[in-house]
Amino acid sequence: MLDSPDPVPELPIEPQRRQRKVIHIDMDAFYASVEQRDDPALRGKPVAVGGSRERGVVAAASYEARRFGVRSAMSGITARRKCPELVFVRTRFDVYKAVSQQVRTVLAAHTPIIEPLSLDEAYLDVAENLQGIATATQIAKAIRAEIREQTGLTASAGVSYNKFLAKLASDHRKPDGLFVIPPDRGAAFVETLEVGRFHAVGPVTAAKMNRLGIRTGLDLRAQSLAFLQEHFGKSGPYYYWIARGVDERPVRADRIRKSVGAENTFAEDLTTLAAMRGQLRPLAEKVWGQCERSGTRGRTVTLKVKYADFQQITRSRSFGEFVPSVAVLESAALGLLAPLLPVRLGVRLLGVTLSSLNTEETSANQQLTLAI
């Protein structure tokens, strides 16, 4: 099972109780919806953006394709196996970025406090909005209508008093939905959900929680802070508070991502090159899938290795140009791994990260406005 190495947000032990008005905007099946908008022949059909029947990674899937189990970051071969009628189309990042900028312009008309997560989603803090609209719900309705009018696409929106709940809410009635979680319903909403749906709870962490008898938000809320810190370290306070509907992270304007990565902890330690090579491929595909979805490219590949005794090392290689494909990413990771073999101890974890991203260069040069 794969789990993203992105750090779990850190929260204070005692939260600062400040009321926020947060909206999470999430474009519905963004890349695939753009392709279906621009090519009427694709409408109503299962579409995969990126990848191919023989190789590559799916960057995005239409809702018609998702019904067959096709998902982003899935190999083209697997996607084709799940949906024989799947139509593959090439990615057009220039088009997606242009549409994303249209959406960003809509958002900026309502608030300057916008935290982009990728080309197709962002948080907004609308406690003080530019158009004097009375409620965050009304603002979300206006934004969705303006996006549809200007782009011909639909967006889902979640409205709540913090980022954690707003993101959950936007996913609650997808596609083309709007859901609101008011302050008096936050804790009750969380308690019914499986922990695997929580932001920053990846598959590995969810499996660990399940082994500890924690399956829902209510189960998580029943645990003490000391128990969660014992089993999840510095992430413990985050899990403790979100189980209660509390998330004090502010919306950070123009947040720039520094790296994209994935890692896997193995049930049994690996000792051979063949076994490790087999594990690097899905890691590279997951990283590349994230890059495809966000329009991100990077120059530096980093391999992370953790041994059976928990000693950890990293090795990196930087390229003069952006890494062009998942094959090059995987090859670079293998090149970093080979000199470490043979191993004295087994390997319990491998990770692959891509950094020196084009998002950092864009920010530094101020040539483009960062899109959502």
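Here are the numbers for this structure:
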read-out: Sum of side-chain charges, ALA275 neighbourhood, beta-carbon under 10 Å (Lys, Arg +1; Asp, Glu -1); value: -1
read-out: Segment 133-231 - Kirkwood radius from inverse mean 1/r over Cα pairs (Å); value: 15.1
read-out: Exceeding the 25 Å Cα-Cα cut-off - candidates LYS82/LYS167; LYS82/LYS174; LYS141/LYS163; LYS82/LYS208; LYS45/LYS174; LYS208/LYS286; value: LYS82/LYS167; LYS82/LYS208
read-out: Lys/Arg +1, Asp/Glu -1 at C-beta; segment 129-248 dipole; positive extreme among THR151, VAL204, HIS172; value: VAL204
read-out: Cα principal axis extents for segment 194-332, largest first, Å; value: 49, 43, 24
read-out: Linear extension gain, HIS199 paired with ARG90, 0.36 nm per residue minus alpha-carbon span; value: 36.3 nm
read-out: Cβ-defined net charge surrounding ASP309, 13 Å radius [Lys, Arg +1; Asp, Glu -1]; value: +2
read-out: Segment 259-365: C-alpha pair distances exceeding 23 Å, %; value: 25
read-out: Residue list for segment 137-165, given a label point 7 angstrom along the Cα-to-Cβ vector of ARG185 and an amide N cut-off under 15 Å; value: 137-138, 157-162, 165
read-out: Around ASP176: net Lys/Arg minus Asp/Glu count, Cβ-Cβ under 9 Å; value: +3
read-out: Among PRO203, PRO339, PRO182, residue whose mean-square fluctuation peaks in a GNM of the chain (springs only between Cα atoms under 10 Å); value: PRO339
read-out: Selection from GLN279, VAL326, SER294, by position along the positive dipole direction of segment 259-365 (Cβ); value: GLN279
read-out: Extension gain (nm, one decimal) between THR192 and THR272, 0.36 nm per residue minus Cα-Cα; value: 24.5 nm
read-out: FRET efficiency, 1/(1 + (r/R0)^6) with R0 56 Å, evaluated for ALA145 and PHE310 via beta carbons; value: 0.60
read-out: The chain, helix-only ellipticity at 222 nm - DSSP H runs n ≥ 4, -39,500 (n - 2.57), divided by all residues, nearest 500; value: -11000 deg cm²/dmol
read-out: Shape call, the chain: gyration tensor on alpha carbons, a/c limit 1.5; value: oblate
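Each reported figure results from applying straightforward, stated rules to the coordinates on display, with no laboratory input. Since the structure is predicted, the reported quantities are computational estimates derived from the model, not experimental observations. Methodologically, a virtual Cβ is constructed for each residue, glycine included, from the backbone with ideal geometry; neighbour enumeration extends over all protein chains shown.
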